[in-house]
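Visitor: Here you go, one structure.
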Amino acid sequence: MHLSMTTGYRPGCIGRIVQLHAAYYQPLVGFGLAFESRVARELAAFCERYDPTQDGLWLCLEADTHTVHGAIAIDGTDALTRGAHLRWFITSDAIRGTGKGRQLLDQAMAFCQQRAYPRVHLSTFEGLHAARHLYEQAGFRLMHQAQGEQWGVAVNEQIFEYNAPPPPRTTPLSR
């Protein structure tokens, strides 16, 4: 399968990203209607107000069919106050473990660095070991964990944060 990376909305991507989430998380932890409808609603709202100067959406597409096999987004609405929000990071079973997820995460983090976003945060839950490994390699740290049901099923919800290193200090040249 030949894959390509692209930026921004493509027709059908909202439905496919929702489908990837539902197909992965329902058998894994039992997420159902509440989760799927929330992903659909929030992703559609994000795409409708998408501003490429502050937001990013990256897709991994099968070259022949343009089928979405991976996605990640940066919601930069509150990037300078509360931090950019990394969202909807998912890959299909067909490409999981190929390094394409890492490429998506790298593109999203490079976008945040180019815009000098001081903080990036994401919400997930305990038990997603491969994703956690990628997040930690990118510099994210677990900041909070608690039992919750925001996705319709009780899980140990987690908040990860990435804090950009401070800019280098400049010192005046002395003569």
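The values are calculated or read from the model by the stated rules, or taken from the named source; none is laboratory data. Fair warning: this is a prediction, and the values are worked out from it, not measured in the lab. FYI the Cβ positions are ideal-geometry reconstructions off the backbone, even for glycines, and counts take in every protein chain you see. What goes into the accessible areas is simple: the full protein's heavy atoms, side chains included, and nothing from ligands, DNA or RNA. Shrake-Rupley method; radii C 1.70, N 1.55, O 1.52, S 1.80 Å.
Visitor: Quick one: compute the contact order of the chain, relative version, from alpha carbon pairs under 8 angstrom and 6+ residues apart, as a percent.
Guide: For the chain, the relative contact order is 19 percent.
Visitor: Please compute the per residue accessible area over the stretch 1-132 with all protein chains in place, 1.4 Å probe, rounded to a whole number of Å². Don't skip to the end; give the middle numbers.
Guide: Values: 6430 Å² over 132 residues.
In whole numbers, the stretch 1-132 has 49 Å² accessible per residue.
Visitor: Can you tell me the dipole magnitude for the chain around its Cα centre, using point charges on the Cβ only (Lys, Arg +1; Asp, Glu -1), in Debye to the nearest 20?
Guide: 560 debye
Visitor: Here is a further query. Going by alpha carbons, how many degrees (0 to 90, nearest 10) lie between the helix axis of 13-29 and the longest principal axis of the chain?
Guide: 80 degrees
Visitor: 222 nm [θ] for the chain, helices only, -39500 (n - 2.57) per DSSP H run of 4+, per residue, to 500? Could you put the intermediate results ahead of the total?
Guide: Working: 4 runs with 58 residues, N = 175.
Counting only the DSSP helices, I get -11000 deg cm²/dmol.
Visitor: P(r) for the chain, please, calculated from all Cα pair distances in 10 Å bins and given in %.
Guide: In order of increasing distance, the bins hold 9, 36, 38, 11, 3, 2, 0 percent.
Visitor: Taking the Cα centre of the stretch 1-118 as the origin and placing charges on Cβ (Lys, Arg +1; Asp, Glu -1), which of L43, V18, Y117 is farthest toward the positive end of the dipole?
Guide: Going by the charge dipole, the pick is Y117.
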